[in-house]
Amino acid sequence: MIDVETNGASAVEDFVDALQSEAPAIARIETVAVQPLPVAAGFTSFEIESSQPVSGEFTLISPDVATCTSCLRDISDPLNRRYRYAFTNCTNCGPRYSITRSIPYDRVNTTMERFQMCSACTGEYRDPGDRRFHAEPNACPVCGPRLVIEPDAADASAAAIQALASSRILALKSLGGFQLACNAENAAAVDVLRSRKRRGRKPFAVMMRDLKTAEKFCRLSERECVLLAGPAAPIVLAQFREPRLLPDCIAPGLRELGVMLPYTPLHHLLFSGNFDCLIMTSGNISEEPIVISNKESAEKLSPIADVILMHDRDIFMRVDDSVVRAYEDRPRVLRRARGYAPGAIDLGFDAGQVLACGAELKSTFCMTRANYAILSQHLGDLENFETLQFFEETLANLKHVYRAEPRLIAHDLHPDYMSTQWAARQPLERMPVQHHHAHIASCMAENGLRERVIGVAFDGTGYGTDGQIWGGEFLICDYSGFHRAAHLRYVPLIGGERAIREPYRMAASHLRDAFGESYRSLDLSLWPGAEGRNWDLFDRIFHRTKLMTSSVGRLFDAVSAIAGVCRVNSYEGEAAILLEAAGTEGGASAEPVELSVVTAGFPWVIDTRPLIREIARKSTSGHATSSIADTFHSSIAHMIRTICVRLHEVTGITKVCMSGGSFQNCTLLSRTLPVLRQSGFEIFLHSKVPPNDGGISLGQAVIAATYLKKRRD
Ligand code: ZN
Ligand code: ZN
Ligand code: FE
């Protein structure tokens, strides 16, 4: 407390300092404006005026925050009035974005509006010395939301714990949506959840009782511990501790486990049961967005869950769990949602007002407002009506709360994407942006780069300016444009979309390309389908296919299938993820295969055939899959270095941005980064937005904003 009466002007200065130095842990201070006013008579107390909407102005909305240690103490203390109360929160923690319907962020503009604060809660809310001073979602067992369980029970949380303890599947209404849970140490329960959710081999995330428990099951770096226990409380991808103490069916074939800690009082309550680890996965069916309403949960989750734990605080904005990994001691967001969205990214220049509607998989959109890029949370794969609806709802909401009226819409070049078609229906000027240009611009934007860079964009699929499917691209670019400097040699994308689900098709395509007719005599059991028994038929398909791809993702698929690691995917990217996991840990570097480059004019073409021949040789002569994976990773790393060095010779550029889904692969990164740095390059990776297509909208936005700005100037 600062006494203005006795200390005068210096006390006021101290107060201004304290605003910044003593701000709550999660406060984000954008600016402090000081305006001297004459001392008015009659004021004896400190008050926060209720917010007044000002037209054209906007404030940033806070992401949801994990339960703080003080609130955890409250709910664990039998003498506290919030003992075991599932909706405990304070100014340092609790729901924000997920319950905010409008700004200013006052209780009437949240889904807490219907709960009238009791006198005890009102007292806390009004007391500047209280931790709950102006905590808008403040509540207690007397006045706040309540739990209910289906089938009905008097003590809902006790019944939920009982269900988990007896190997049953629980659906629970969490912070940004429903989750499905079961005891992770019980393999039979995990299998039941997997089959009811029809989840293939896709790994589950596990919520652990506390940090100490997480360390028992995983090897955690200091950075990973900080991430896990931080206010965003994301799912952190961490290495299993060997020998493994959890059933293999949680993350089949993988070295990493998605771990998180309890982030709501309700989660903490569940852990008063006798278990350490709970599978905690999104409550949705197939590819649809997560369920948020009680009514929907009965409809959609009752076939999966035995018991449904609900409450009467509505979720306004759906936000799934975020996924983060620590790499080179920095957080790398792979799925940006709860705890991060809709946190804005400062672009460092006035970007005007544009809307970028992203790509298709792992969809997000991005709006610019003054210096800020406001990214939506992860929306899911924009391939069905439900996800499109989620996209539209979220957009309407964010446009409303940020009072945004975009003047230009940026979209992907791909004519078949739902986002492209949606953009075409809007009565606004449109700007198509090439997919890989957007990837690199996104990496530049979050690293504050404006100058021309060498962009390495490696992913599964991106529509090219020639109508082919790109994905192994070296670009020379800035926000104003790009040159395609080099790419992988084209091979036919056999079966189109099916090639993505069935990696053996790409294996056959690459083998046919590398060996010609003689690929028939290779001793590889590649084919689950009919084509393999009919070489002539496959040859005809190979020659007839007009759609070509230069995708690194598809090359990973091909190698994974040739090595016998994965021939058919049960989830997106499985073959590549398993190939990464098959390699030697820690970056032991195998002898790379030299890939020749055709440099007669741009774009240069990187010949993948020698690599495919070597992979096939190793695979048919009984080499271990780890050795095949190592050869592959170091050859790609070596190739990246070769191309960057040669592009540097031509352009003088030393800054390299790496983006695209393939750079989620840490083995590839840890082989590539040292050799690039040795050659004098400065490397920029993603940290705040995903390298996968979840980051595309940011890149589209800065490219479109630059175009608008040029037109203005
Ligand atoms: Zn708190
Ligand atoms: Zn109360
Ligand atoms: Fe991509």
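Overall size of segment 408-471 from C-alpha positions, given as principal axis extents largest first: 34, 26, 16 Å. Using the Stokes-Einstein relation with a Kirkwood hydrodynamic radius computed over Cα pairs, the translational diffusion coefficient of segment 147-311 at 10 °C and a viscosity of 1.306 mPa s comes to 100 µm²/s. Out of segment 626-707, which chymotrypsin sites (Phe, Trp or Tyr not before Pro) are coil in DSSP terms and have no more than 12 other C-beta atoms within 10 Å? The qualifying sites: there are none. Stokes-Einstein diffusion of the chain at 20 °C, 1.002 mPa s viscosity, Kirkwood radius from Cα pairs, rounded to a whole number: 79 µm²/s. Each principal axis of the Cα cloud of segment 247-378 was evaluated for its coordinate range; sorted largest first, these ranges are 53, 40, 29 Å. Residues 606, 562, ranked from the fewest to the most other C-beta atoms within 10 Å, line up as 606, 562.
Exposure proxy shown here: for 131, 613, the number of other Cβ atoms within 10 Å sets the order, fewest to most, as 613, 131.
Taking only the alpha carbons of segment 196-254, we obtain Rg and Dmax values of 12.3, 37 Å in that order. Note on residue 518 and residue 424: the model spin-label points, each 7 Å out from Cα along the C-beta direction, lie 4.7 nm apart.
Kirkwood Rh and Cα-based Rg: tell me the resulting Rg over Rh for segment 561-713, rounded to two decimals. Numbers along the way, then the final one.
Details: Rg = 17.9 Å, Rh = 17.5 Å.
Checking Rg against Rh, the ratio lands at 1.02.
Using R₀ = 22 Å, calculate the FRET efficiency as 1/(1 + (r/R₀)^6) where r is the Cβ-Cβ separation of residue 627 and residue 201; round to 0.05. About 0.40, to the nearest 0.05. Neighbours of residue 657, meaning other residues whose beta-carbon lies under 13 angstrom from its beta-carbon, give a summed charge of -2 when Lys and Arg score +1 and Asp and Glu score -1. With neighbour counts taken as other beta-carbon atoms within 10 Å, the residues 12, 192, 401, 236 rank, fewest first, as 12, 192, 401, 236. With 32 Å as the limit, write out which pairs from 399/688; 399/709; 618/655; 688/710 have Cα-Cα distances beyond it, or answer none. Violating the 32 Å Cα-Cα cut-off are 618/655.
How large is Rg over Rh for segment 509-570, taking Rg from the Cα atoms and Rh as the Kirkwood inverse mean of 1/r across Cα pairs? Over the Cα atoms of segment 509-570, Rg/Rh equals 0.93. Total Lys pairs in segment 147-311 closer than 29 Å by alpha-carbon, pairs eight or more apart in sequence or interchain only? Value for segment 147-311: 13.
On full extension, the segment bounded by residue 466 and residue 597 gains 45.1 nm, given 0.36 nm per residue less the C-alpha separation.
What do you get for Rg/Rh of segment 523-610 when both radii come from the Cα atoms and Rh is the Kirkwood radius?
On the Cα set of segment 523-610, Rg over Rh gives 1.01.
Across every direction, the projection of the convex hull enclosing the Cα atoms of segment 61-145 has a mean area of 5.2 nm². Diffusion coefficient (Stokes-Einstein, Kirkwood radius over C-alpha pairs, 20 °C, 1.002 mPa s) for segment 96-152: 175 µm²/s, rounded to a whole number.
Under a 5 Å amide H cut-off, with hydrogens placed 1.01 Å from N, residue 177 pairs with 319 among residues at least 5 apart or on other chains.
Of the DSSP H helices in the chain, those that are both long (alpha-carbon extent of 20 Å or more along the helix axis) and hydrophobic (Kyte-Doolittle mean at least -1.0) are 385-401, 625-651, 696-712.
Pulled fully out, how much extra length does the chain show between residue 133 and residue 298, if you take 0.36 nm times their separation in residues and subtract their Cα-Cα distance?
This chain segment gains 55.7 nm when fully extended.
Among residues other than residue 266 with Cβ under 12 Å from its Cβ, the summed charge is +4 (Lys and Arg +1, Asp and Glu -1). In order along segment 308-324, the phi-based Karplus estimate (6.51 cos²θ - 1.76 cosθ + 1.60, θ = phi - 60°) of 3J(HN,Hα) comes to 10, 9, 10, 7, 9, 9, 6, 8, 8, 10, 6, 9, 6, 5, 7, 10, 9 Hz; Gly and Pro are listed as x.
Converting phi to 3J(HN,Hα) with the Karplus coefficients 6.51, -1.76 and 1.60 and the offset θ = phi - 60°, segment 597-603 yields 10, 8, 10, 6, x, 8, x Hz in sequence order, with x at every glycine or proline. Of the GluC sites (Glu not before Pro) found in segment 360-449, those that fall in a DSSP loop while having at most 15 other beta-carbon atoms within 10 Å are 383. Coordinate range of the alpha-carbon atoms in segment 452-493 per principal axis, descending: 32, 16, 15 Å. Per-residue ellipticity at 222 nm from helix content only, as computed over the chain with -39500 (n - 2.57) for each DSSP H run of at least four residues, stands at -10000 deg cm²/dmol.
Within the shell of other residues whose beta carbon sits under 13 angstrom from the beta carbon of residue 299, the net charge comes to -2, with Lys and Arg scored +1 and Asp and Glu -1.
Taken together, the values in this text are just the output of simple stated rules run on the coordinates, not laboratory data. Bear in mind the structure is a predicted one, so any value in this text is a computation, not a measurement. Positions of Cβ are generated from backbone atoms using ideal geometry, with glycine treated the same way; all protein chains shown enter the neighbour counts.
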